[in-house]
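Trainee: Attaching a single structure in structure tokens format; questions to follow.
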4 protein chains.
Amino acid sequence: MTKAIVLGGSRGIGKAISDSLKTIEIDVFAASKKDIDTSNLNSVKKFLEKNTQTDILILNTGGPEPKQFSTITEEDWNKYHNQLFLGFVTILQNIKINNGGYIFLITSSVIKEPNTKLIISSAYRAAFTEVFKVLSKEYAEKNINCINIAPGPINTDRTQEFFDNENDVKEFEKTLPMKRLGEPEEIGNFVKAIIENNIKYLSGVTINFDGANSNYIF
Amino acid sequence: MTKAIVLGGSRGIGKAISDSLKTIEIDVFAASKKDIDTSNLNSVKKFLEKNTQTDILILNTGGPEPKQFSTITEEDWNKYHNQLFLGFVTILQNIKINNGGYIFLITSSVIKEPNTKLIISSAYRAAFTEVFKVLSKEYAEKNINCINIAPGPINTDRTQEFFDNENDVKEFEKTLPMKRLGEPEEIGNFVKAIIENNIKYLSGVTINFDGANSNYIF
Amino acid sequence: MTKAIVLGGSRGIGKAISDSLKTIEIDVFAASKKDIDTSNLNSVKKFLEKNTQTDILILNTGGPEPKQFSTITEEDWNKYHNQLFLGFVTILQNIKINNGGYIFLITSSVIKEPNTKLIISSAYRAAFTEVFKVLSKEYAEKNINCINIAPGPINTDRTQEFFDNENDVKEFEKTLPMKRLGEPEEIGNFVKAIIENNIKYLSGVTINFDGANSNYIF
Amino acid sequence: MTKAIVLGGSRGIGKAISDSLKTIEIDVFAASKKDIDTSNLNSVKKFLEKNTQTDILILNTGGPEPKQFSTITEEDWNKYHNQLFLGFVTILQNIKINNGGYIFLITSSVIKEPNTKLIISSAYRAAFTEVFKVLSKEYAEKNINCINIAPGPINTDRTQEFFDNENDVKEFEKTLPMKRLGEPEEIGNFVKAIIENNIKYLSGVTINFDGANSNYIF
């Protein structure tokens, strides 16, 4: 049976992907922060001792709290360097993706249009996007796809926390082209659809998933 | 019943999309060059008299023969200006896309990494990509998605014609990360998968579909 | 003596470039619309009969009036196809740039972040940017540089016309990172500085010139 | 007198910038690795105790040795995270750039078109590019420019070391559009030219400096 590991699989986008993959008879390990804390390299290494191979891997993790550049500490940078970059690097250096498999990376639209409050996320997610792009060419030889999904504003707990109250969320939604946040299920279904339909020539790509919100031409 | 119009629907990628949509009970009009010749604005206008609305529209057309810049004539430029740009503009200015519908545009990876022999295609497909991006924000209000698929080397008659003989195709394939051309069916299935799964937050996006062949980071 | 032809050289950015080049002992032909109307291919061809070679060429022309997509006529598209694309193509197909020369193209920041009101400009300037990129590699062999400058909001008559009155301009300026429009002289001096300093390895590049206003990462 | 600090100012591109700025009566501190080692945060902090303000700052540092992804150690990642990212962050969090000043960042063309052997450089230089872009908007209010120069292959000791022998360098040069490496002096003169001409509306921009070598459209 096809096996999938979904990091950050207990909530938000990760949970939606897990739930969606379960509907097509994939053996899904929805890893929570108890299973693996990507901000802690020891936790990552322990996880890799038990999880040595998979068919499908979803590299997904929450981002940092919004913070202004001047107030970000050395500790903050190092923590999120681990969580958003080095943890994922360590996983890809050690786990075996079986031939014909898929790796999905969940980043954010802020890698293309960086946001002053999400500067940590912009920086380290962009850094890992570079690594992922380079590796996509190597994985291609084993028929393994690398797909980077860059979501815009999605209706998760995290997004809700961004705002002071529900009214602010509603005001924000009015400014979006589709007049609503994206639903985690839409990303979950997208991932499922690609796997289910055995679409293999889609690789080495960053896909904006933002309801026409970004302004850059590509 | 959901209705789809697929331009260039009688061969290559267009045919694959048509065939794929037919499997999910969509009423597909696979328009051939006899039905509409996008290089001829009169043909386009005639087509629009009979086809005034649709749920799904696939803007797809073959590109020009490879040609060096110095040898391209004014007539060539004007012909492909119609075929790759103004024909599509005229369609979007006149056809009604029903609320909740989808518009897929099939361009080419040469819009991001232009190719000296395909300079006409790079130019006018990029031009229409700009129009499509702007319109994606307006269509978003009607829950209509605009998705630009930018294929790399796909196994179509056109690609085969590019090469002198079958051996040259094989040599070219060895240079690709996946060691093969993409299959039109992969794009067909991708389009079908998005519609079938009712994925709506994917809009205003250009998706490389090139088997990890492009080198630009995004 | 080094010779420069500056299209649209009688006003705005073109005039500023002309004035700047004159300060460094370059023989500048600041071509006005009377000398060459790039929206009229016959005018372009006549110009090329008299002007067969140059050391420095500045491809510069005003853009169209702001217009909504639905109201743009076939005539509009064809006119600006000539003015913003085919006129420049015809020039580069026919004029000789002397070895070691420079070609500067003045486009707009809307090629990267298209604007709903400037959709014609976004489309055709992007199209020509593709051509210019491809040609930059061929010109490189003759030590001729191709530099595309993509200005943001610059203090020209055209920009002023965009707004109803001077107060609106001031309100707009407050929204800009530098709290002011750019001055044409800054672009003029930039072009001069590159030529004066004989900087040759800067080619095949699009340079945003927008006072930190754009949001895309690159 | 205008003051400039040039990091990595004792060799290569940094030295060329220092030399160029000295010709226009700027008080240049060409900092060598003895003065500040950006891979060592203590060294950075010590440097900042003595250097608390400047008019012009050149953020420049050598990159890592070429290394395949699978062989890069945790120590490597952390070292270059400091050298290419966190050191620069610490500097910008602590140094005062005087109003009307300039910050130049020297990165690499591999941030746009990542290179398998230079994966560390691609990752962390891209990460810092995100930070720099965000900050460009804040610095703009103080009339301070942020300009990111992304060089392609430049004729430095580092580039020479890349190749086994001089013949390999020559073979590589033949593959370049301009048939030669760029010279550090071209970058030095470019930086000088911008400052000398007081060009201020050029900010928040990444400028490819690669002799038409890159393939991405922008």
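The values are calculated or read from the model by the stated rules, or taken from the named source; none is laboratory data. Since the model is a prediction, treat every value here as computed from it, not as a measurement. Here the Cβ is made from the backbone with ideal geometry for all residues, glycine too, and neighbour counts use every protein chain on show. Areas reflect the complete protein model, heavy atoms only, side chains present, ligands, DNA and RNA absent. Shrake-Rupley method; radii C 1.70, N 1.55, O 1.52, S 1.80 Å.
Trainee: Once the Cα atoms of helix C:184-196 and of chain C are each reduced to a long axis, what angle between those two axes, in degrees from 0 to 90 to the nearest 10, is obtained?
Mentor: Tilt relative to chain C: about 30 degrees.
Trainee: Roughly how many debye, to the nearest 20, is the charge dipole of the protein assembly as shown about its Cα centre, given +1 on each Lys and Arg Cβ, -1 on each Asp and Glu Cβ, and no other charges?
Mentor: That gives the protein assembly as shown a dipole magnitude of about 0 debye.
Trainee: Summing -39500 (n - 2.57) over the DSSP H runs of n ≥ 4 in the protein assembly as shown and dividing by its residue number, what mean residue ellipticity at 222 nm do you reach, to the nearest 500 deg cm²/dmol? Display every interim value, and only then the final one.
Mentor: Working: 32 runs with 348 residues, N = 872.
After summing the helix terms and dividing by residue count, I get -12000 deg cm²/dmol.
Trainee: Which one, D:Thr71, D:Ile119, D:Ser136, is farthest towards the positive end of the dipole of segment D:65-137 when Lys and Arg carry +1 and Asp and Glu -1 on their Cβ?
Mentor: Farthest towards the positive pole: D:Ser136.
Trainee: Which three extents, in angstrom, do the Cα atoms of chain C have along their principal axes, listed largest first?
Mentor: That gives 45, 39, 32 Å along the principal axes, largest extent first.
Trainee: Please compute P(r) over all alpha-carbon pairs of the protein assembly as shown, binned at 20 Å starting from zero, and give each bin as a whole-number percent.
Mentor: Calculated P(r), rounded to whole percents: 15, 49, 33, 3.
Trainee: Using a simple charge model, +1 on the beta-carbon of Lys and Arg, -1 on the beta-carbon of Asp and Glu, nothing else, what dipole does chain C show about its Cα centre, in debye to the nearest 20?
Mentor: Values: 25 positive and 27 negative charges, 102 e Å.
Using only the charged Cβ atoms, the result is roughly 480 debye.
Trainee: Same structure, new question: Partner chain Cβ atoms within 10 Å, averaged over the residues of A:184-191 - can you pull that number for me?
Mentor: On the way: counts 0, 4, 6, 3, 2, 6, 6, 0.
Mean partner shielding for this stretch: 3.
Trainee: Setting aside same-chain residues fewer than 8 positions from C:Lys46, which aspartates and glutamates have a Cα under 17 Å from its Cα?
Mentor: Partners within reach: B:Glu74, C:Asp35, C:Asp37.
Trainee: When the Karplus curve 6.51 cos²θ - 1.76 cosθ + 1.60 is applied with θ = phi - 60°, which whole-Hz ³J(HN,Hα) does each residue of segment C:52-64 get, with x for Gly and Pro?
Mentor: 9, 7, 7, 8, 10, 10, 10, 8, 8, 7, x, x, x
Trainee: Averaged over B:146-156, how many beta carbons belonging to a partner chain fall within 10 Å of each residue's beta carbon?
Mentor: Numbers: counts 1, 1, 2, 1, 2, 1, 2, 1, 1, 1, 0.
Shielding by partners across B:146-156 averages 1.
Trainee: For segment C:7-22, just list the computed ³J(HN,Hα) in residue order, Karplus coefficients 6.51, -1.76 and 1.60, θ = phi - 60°, integers in Hz, with x standing in for Gly and Pro.
Mentor: Rounded to whole hertz, the list is 6, x, x, 9, 7, x, 5, x, 5, 5, 5, 4, 4, 5, 5, 5.
Trainee: With viscosity set to 1.002 mPa s at 20 °C, what whole-number translational diffusion coefficient in µm²/s follows for segment D:95-194 from Stokes-Einstein and a Kirkwood radius over Cα pairs?
Mentor: Working: Rh = 15.4 Å.
Result for D is 139 µm²/s.
Trainee: OK, next. Suppose every Lys and Arg Cβ carries +1 and every Asp and Glu Cβ carries -1, with no other charges. What dipole size does segment B:88-206 come out with about its Cα centre, to the nearest 20 debye?
Mentor: Magnitude of the dipole: close to 500 debye.
Trainee: Kindly provide the GluC sites (Glu not before Pro) of segment D:151-218 that DSSP labels as loop, not H, G, I, E or B, and whose Cβ sees at most 16 other Cβ atoms within 10 Å. Present the calculation step by step, with values, prior to reporting the outcome.
Mentor: On the way: sites: D:Glu161, D:Glu166, D:Glu171, D:Glu173, D:Glu185, D:Glu186, D:Glu196; in loops: none.
Answer by residue number: there is no such site.
Trainee: Additional query: What is the helix-to-structure angle for A:41-50, meaning the angle in degrees between its Cα long axis and the longest Cα principal axis of chain A, kept from 0 to 90 and rounded to the nearest 10?
Mentor: Value to nearest ten degrees: 30.
Trainee: Mind jotting down the distance between the C-alpha centroids of segment C:171-215 and segment A:89-155, whole Å?
Mentor: 33 Å
Trainee: Return the loop-located GluC sites (Glu not before Pro) in segment B:1-98 (DSSP other than H, G, I, E, B) with at most 11 other Cβ atoms within 10 Å of their own Cβ; answer none if there are none.
Mentor: B:Glu25
Trainee: So, one more: Kindly compute the accessible surface that chains A and B hide from a 1.4 Å probe when together, both sides summed, and give it to the nearest 100 Å². Please list the in-between numbers first.
Mentor: Values: alone 11620 and 11640 Å², together 19310 Å².
Separately minus together, A and B give about 4000 Å² buried.
Trainee: Of the peptides A:131-139, C:76-84, how do they stack up when ordered by the mean number of other Cβ atoms within 10 Å, highest first? Working shown, then result.
Mentor: Values: A:131-139: 22.4, C:76-84: 20.7.
The densest-packed peptide leads the list: A:131-139, C:76-84.
Trainee: So how many Lys-Lys pairs in segment C:103-218 land under 15 Å Cα to Cα, not counting same-chain pairs under 8 apart?
Mentor: Details: C:Lys112/C:Lys133; C:Lys137/C:Lys200; C:Lys142/C:Lys200; C:Lys170/C:Lys179; C:Lys192/C:Lys200.
So the count of such lysine pairs works out to 5.
Trainee: With springs only between Cα atoms under 10 Å apart, run a GNM on chain D and tell me which of D:Ile36, D:Ile72, D:Ile58 wobbles the most.
Mentor: D:Ile72
Trainee: Then there is this: What are the ³J(HN,Hα) couplings of segment A:210-217, residue after residue, when phi is run through the Karplus curve with 6.51, -1.76, 1.60 and θ = phi - 60°? Round to Hz, x for glycine and proline.
Mentor: Each residue's phi maps through the Karplus curve to give 9, x, 6, 7, 6, 10, 5, 4 Hz.
Trainee: Okay, moving on. Stokes-Einstein D for segment B:25-96 at 37 °C, 0.692 mPa s, Kirkwood Rh over Cα pairs, in µm²/s?
Mentor: On the way: Rh = 13.3 Å.
The calculation lands on 246 µm²/s.
Trainee: Here's another thing I want to ask about it. Can you compute the FRET efficiency between A:Glu166 and A:Gln68 using 1/(1 + (r/R0)^6), with r the Cβ-Cβ distance and R0 = 30 Å? Round to the nearest 0.05.
Mentor: Details: r = 25 Å, r/R0 = 0.83.
With a Förster radius of 30 Å, E is 0.75.
Trainee: Okay, moving on. Percent of accessible area on the protein assembly as shown owned by carbon and sulfur, 1.4 Å probe? Please report the intermediate quantities before stating the final value.
Mentor: Numbers: 14110 of 32500 Å².
The C+S portion of the solvent-accessible surface of the protein assembly as shown is 43 percent.
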